[in-house]
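Presented below is the structure to which this report refers.
The values are calculated or read from the model by the stated rules, or taken from the named source; none is laboratory data. Quick caveat: nothing in here was measured; it's all calculated off a predicted structure. Cβ placement follows ideal geometry from the backbone for every residue including glycine, while neighbour counts extend to all protein chains displayed.
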Amino acid sequence: MANTSKDTTTDKKPREAELSHSMVHYLLAIHKLKEEKGYARVTDIAKDLGLTKGSVSTALNNLKKRNLVKEEDDTKFLLLTDNGHDEVHKTLTSRTLLYYFLKDFVGVSEEIAEKDSCMIEHLLSEETSTKFFEFMKTLSCSCDDLAKSGKLPKGFNFQTTLSLCDYKTAEEFMEGQKGDTYLQEEKDA
């Protein structure tokens, strides 16, 4: 009997179909170590993530097959490919937006905002991340303007400590993501 079920997949795969939560953390660890130390090795990644070198090696082989990680010539240093860098920047953009949304708009503690944004960060599509940026920017910038003019309605406070009004586009915001910290922390440092 023939299979009559329809294939409902689309050309636009959600990011979660591409990378697991742990895979994203390997990429973030490489990115962070490269920025902090100038290099990333299996032993450094294992220490950073609290895993065994064997587990890290297995995961890195998978990431290499996906063209997200490569080794420097003649060394054991690991580098992110352009695709790997793109994933890191997408993830950091989503994490930063989610963190400040949860902390500033929803009102959860910094600890909960950090934990929850970390759990969700890799699930957002690029389109959702862009729309989320535009939504937060519109709310926070118009609230800033209304607050300055004294016209902010009582109980309506969608201001954020993330300076979204400084960015013209989501792409510009994404390009500003560096390291493994939230963007505002780096600006304040």
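Here are a few things to note about the model shown:
- The range 21-73 holds helices (runs of 4 or more DSSP H) entirely within its bounds, and those carrying 2 or more residues that are within 18 Å of E87 (Cα to Cα) and not assigned by TED's automatic domain parsing to the domain that holds S94 map to 21-37, 53-65.
- E36 satisfies every condition listed in (1) more than 17 Å from the chain's Cα centre (by Cα); (2) modelled with pLDDT of 95 or more; (3) surrounded by 12 or more Cβ atoms within 10 Å (Cβ to Cβ) except (2).
- Hey, K154 modelled with pLDDT under 90, surrounded by 15 or more Cβ atoms within 10 Å (Cβ to Cβ) and among the basic types (K, R) or not: no
- Answer residue from the range 117-144, given it is under 12 Å from the mean Cα position of the chain (by Cα) and acidic (D, E) and is modelled with the lowest pLDDT among those: E126
- Selection within the range 90-127 - surrounded by fewer than 18 Cβ atoms within 10 Å (Cβ to Cβ) and within 13 Å of M174 (Cα to Cα): E126, E127
- In the range 158-189, of all residues being of a type in the set (V, I, T) and closer than 18 Å to S117 by Cα, the one that is modelled with the lowest pLDDT corresponds to T181.
- Some residue of the range 49-57 being within 18 Å of L19 (Cβ to Cβ), of a type outside the set (A, V, I, L, M), free of Cβ contacts under 8 Å to residues at least 12 places away in the same chain and out of contact with any strand residue (DSSP E or B) (no Cβ under 6 Å at 6 or more places or on another chain): yes
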